[in-house]
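The values are calculated or read from the model by the stated rules, or taken from the named source; none is laboratory data. This is a predicted model, so every value here is computed, not measured. Counting neighbours? That spans all protein chains shown, and the Cβs are built from the backbone with ideal geometry, glycine included.
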Amino acid sequence: EKEYGEGVYRLQQGDFGANARLRLELEHDLRKALEREEFELYYQPQYDIQRNELMGAEALIRWHHPKHGMVSPAQFIPLAEETGLIVPIGEWVLRTACRQNKQWQRAGFLHLSISVNLSLRQFQKHNLIGDIKRILKETELESKFLELEITESMAMDNVERVIRKLNELKDLGIRISMDDFGTGYSSLQYLRRLPLHKLKIDQSFIRDINHDADSAAIVSTIIAMANHLRLEVVAEGVETAQDLQFLLLQDCRHAQGYHFSKPLPAMEFERLLNEGG
Ligand code: C2E
Ligand code: CA
Ligand code: CA
Ligand code: CA
């Protein structure tokens, strides 16, 4: 079943090289999308699978394009990144996600946390720390309930600078997770130096754990390593009961994926909370 509209199918057929007019059109529309309030956040539940408890959500942006329907972030985030529009969009995402999480906490879900994806430009932004402090203050969300997801490629920049920045975030009380873990090119030696709280095992490995011995070996190795290093670990893209069974046996603590739930609009996520997760 498809989450995104027709326009997206058309978009996904080729890169923008062969489709320069469409790219220009989207870029133009992207500039207007914030003020026209065309963005929405969806929330995908994250579970503690050992205790069978809903822990929090990952915020995932959606763009309701007036003509193309729902456009995938995999399409417009890179465009937003290239044009710099990601900076105001990313700030909107952070503020909206923090405000929403605080609202759910006020409704009684006291320990719920929210994960937000950071883009490269946002991460490199000189005043990222200041922006985040301001947003936390404005939304009254305690920093320990905010988690930021970065990727290996973002952390490849200038090692010392990356470590300094991550430490500043950590000192604020924010949690940092390494998204798409296992797909980048950074060495474990390097990763070990980063002040991370969590590894998110990329869904490409999870997808194959039950029919590819190599993927299964990689996943169990990452989980064992994370447990030894006292890093939390999340398995992403868990789609079947069989996947879940494997992860439980490997002592994996956290998971998200279609097996539990697709990303949901705020109202639906709230219904899930009220039903007890
Ligand atoms: P991601 O951060 O790796 O997010 C996980 C993606 O996997 C999401 O796609 C989610 O809907 C999808 N997914 C979740 N469970 C399953 C599953 O069981 N099976 C499969 N096949 N897929 C699953 P989505 O929402 O289309 O987002 C795509 C990417 O766009 C994200 O990948 C992230 O890199 C980026 N993105 C999304 N929202 C934001 C945002 O607010 N800011 C930034 N900078 N990037 C975002
Ligand atoms: Ca993510
Ligand atoms: Ca991911
Ligand atoms: Ca990804």
- [ ] Scan segment 104-123 and give yes if some residue there is over 20 Å from residue 198 (Cβ atoms) and buried (at least 19 other Cβ atoms within 10 Å of the Cβ), otherwise no.
- [x] yes
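Residue-wise test of (1) in a helix (DSSP H, G or I); (2) in contact (Cβ under 8 Å) with a residue 24 or more places away in the chain; (3) surrounded by fewer than 19 Cβ atoms within 10 Å (Cβ to Cβ).
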| position | (1), (2), (3) |
| --- | --- |
| 166 | yes, yes, no |
| 176 | no, yes, no |
| 185 | no, yes, yes |
| 189 | yes, no, yes |
| 219 | yes, yes, no |
| 234 | no, yes, no |
| 245 | yes, no, yes |
| 248 | yes, yes, yes |
| 251 | no, yes, yes |
Open item on the list: Let me confirm something: among 174, 114, 129, which residue is within 21 Å of residue 73 (Cα to Cα), at pLDDT 95 or above and of a type in the set (Val, Ile, Thr)?
Closed with: 114
Open item on the list: For the list (1) in contact (Cβ under 8 Å) with a residue 24 or more places away in the chain; (2) closer than 30 Å to residue 247 by Cβ; (3) within 16 Å of ligand 4 (Cβ to nearest atom), I need the number of the one condition that residue 94 fails.
Closed with: (3)
- [ ] Return the residue satisfying two criteria in turn: it lies in segment 66-116 and is part of a strand (DSSP E or B) and hydroxyl-bearing (Ser, Thr, Tyr), and of such residues it is farthest from residue 35 (Cα to Cα).
- [x] 113
TODO: Name the single residue, out of those in segment 61-76 being of a type in the set (A, V, I, L, M) and surrounded by 20 or more Cβ atoms within 10 Å (Cβ to Cβ), that is nearest to residue 256 (Cα to Cα).
DONE: 61
TODO: With the checklist (1) farther than 28 Å from residue 190 by Cβ; (2) more than 16 Å from ligand 2 (Cβ to nearest atom); (3) touching a strand residue (DSSP E or B) at 6+ places or on another chain (Cβ under 7 Å) in hand, flag the one item residue 140 doesn't pass.
DONE: (3)
Open item on the list: I need the full set of residues from segment 110-151 which are away from ligand 3 (no atom under 16 Å from the Cβ), in contact (Cβ under 8 Å) with a residue 40 or more places away in the chain and under 17 Å from the mean Cα position of the chain (by Cα), in order please.
Closed with: 112, 113, 121, 132, 145, 146
